[in-house]
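Working notes, beginning with the structure itself.
The values are calculated or read from the model by the stated rules, or taken from the named source; none is laboratory data. The structure presented is a predicted model; accordingly, all values stated were derived computationally and were not measured. Methodologically, a virtual Cβ is constructed for each residue, glycine included, from the backbone with ideal geometry; neighbour enumeration extends over all protein chains shown. Keep in mind that these areas ignore ligands, DNA and RNA; they rest on the heavy atoms of the full protein, side chains included. Shrake-Rupley method; radii C 1.70, N 1.55, O 1.52, S 1.80 Å.
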Amino acid sequence: EKGGLLKMCSLKLTTEELLRLHVTLSSSSSLTTIDLTDSSIGDEGARLVASACKQHACITALGLSGNLIGDNGAEALATMLRANRRVQSLFLRSNSIGPAGIAHLSTALGPDGNATLTKLNLKNNQVGAGGAAELG
């Protein structure tokens with residue numbers, strides 16, 4: 001059965017809209033892909049999306065590129081990855097994730113973490129050589 005796609009790119013979502021989206025995501029049973037590319041959700045939006053995806057085990061792909069997400073947002077997404085082990089693709093290109101955020105993601109993908117993630121795009125973040133080595 002083919003899953004649903006929620007595509008809300010370049011919308012500059014407000015906190016109120018993100019809260020409504022959280023409720024929608026938490027109650028959807030057919031949604032498998034969420035694309036919020038370039039919607040300026042920041043760390044708070046990443047936390048809300050991660051919380052909804054943590055409860056929604058059907059999500060397999062999450063597009064959050066270009067969203068001003070930093071280390072705190074990456075930490076929330078890492079927590080979600082440990083709980084939702086169906087996520088296969090996570091796109092975080094062009095955010096503000098630094099070494100601390102990379103460390104959280106690396107831990108979430110470690111031996112006891114999410115083994116289903118096959119695509120992780122961190123291009124144009126502050127990964128650095130140490131973060132790249134940590135991710136393997």
If you take every DSSP beta bridge fully contained in the range 24-136, what fraction is antiparallel? Give it as a percent rounded to 5. 0 percent
GNM result for the chain, Cα springs below 10 Å: residue of Glu75, Glu44, Glu16 fluctuating most strongly: Glu16
Measure off 7 Å from each Cα along the Cα-to-Cβ vector at Arg20 and Ser40, then give the distance between these two points in nanometres to one decimal. 1.8 nm
Only Lys, Arg, Asp and Glu count, each charged at its Cβ (+1, +1, -1, -1), so figure out the dipole size of the range 1-135 about its Cα centre, rounded to 20 debye. 360 debye
Assuming R0 = 35 Å, what is the FRET efficiency of Gln55 and Ser106, from their Cβ-Cβ distance, to the nearest 0.05? 0.90
At Cys9 and Leu120, where each label point lies 7 Å from the Cα along Cα→Cβ, what is the point-to-point distance in nanometres? 2.4 nm
At q = 0.15 Å⁻¹, the log10 of I(q)/I(0) for the range 68-136 from a Debye sum over equal Cα scatterers comes to -0.39
Angle, helix 71-83 long axis vs. longest principal axis of the chain, Cα atoms, 0 to 90°, nearest 10? 70 degrees
For the chain, accessible area per residue (1.4 Å probe, heavy atoms of protein chains only), Å²: 49 Å²
I need the P(r) histogram for the range 1-54: all alpha carbon pairs, bin width 5 Å from 0 out to the longest distance, whole percents. 5, 20, 32, 27, 11, 3, 1
Counting Lys +1, Arg +1, Asp -1, Glu -1, what net charge surrounds Asn125 among other residues with beta carbon under 12 Å of its beta carbon? +1
For the range 48-111, which whole-number percentage of the solvent-accessible area (1.4 Å probe, protein heavy atoms only) is attributable to carbon and sulfur atoms? 52 percent
Can you give the angle from 0 to 90° between the axis of helix 15-27 and the longest principal axis of the chain, with both taken from C-alpha atoms, to the nearest 10? 80 degrees
Given the alpha-carbon gyration tensor of the chain, what are the semi-axes of its equivalent ellipsoid in whole angstrom, ordered largest first, with each equal to the square root of 5 times an eigenvalue? 22, 17, 12
